[in-house]
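To start, the structure under review is shown below, and the notes come after it.
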Amino acid sequence: MTSSLRLTGVSLALFAGLGLSAHAAEPRVVLGVAVPLSGPLAASGQDAVNGVQMALNQLNAEHARIGGKTVRWAMDAEDPGPAHSSHTGGAEAGG
């Protein structure tokens, strides 16, 4: 299970966006997670954040490596906010 969890974490990083901080003693991988943290879907969004955090905690406890270097995993969870429509109305009649 450890290998599959590592693979899942690396896959998530590749799909969600990967950032390495150069000033840290060990590289830091920040995993971006866009989930609903407010509104009617906030509970499921928080469940997703909790699940990602659990996986990252395990990766950090196991001193996960990328390219032979130990990295520190972190998460940046953000609520994308409500969707706004740019549509202003129907087609205007031309004359």
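Values in this text are rule-based calculations from the coordinates and carry no lab data. Every value quoted in this text rests on a predicted model; they were computed, and no experiment measured them. Neighbour counts run over all protein chains shown; Cβ positions are idealised from the backbone, glycine included.
Summing charges over all other residues whose Cβ lies under 12 Å from the Cβ of A74, with Lys and Arg as +1 and Asp and Glu as -1, gives 0.
Taking amide hydrogens as placed 1.01 Å from N in the peptide plane, the amide H of M75 sits under 5 Å from those of L31, each at least 5 positions away in sequence or on another chain. The simple spin-label model puts a point 7 Å past each Cα toward its Cβ; for A25 and V49 those points are separated by 2.9 nm.
The phi torsions of the range 40-48, fed into the Karplus equation with coefficients 6.51, -1.76 and 1.60 and a -60° offset, translate into couplings of x, 9, 4, 5, 6, x, 5, 4, 5 Hz, rounded to whole numbers, with Gly and Pro shown as x. What net charge do the residues around E26 carry, taking every other residue with its C-beta under 13 Å from that of E26, with Lys and Arg at +1 and Asp and Glu at -1? So the environment of E26 carries a net charge of +4.
Going from the residue with the fewest nearby Cβ atoms within 10 Å to the one with the most, M75, M54 rank M54, M75.
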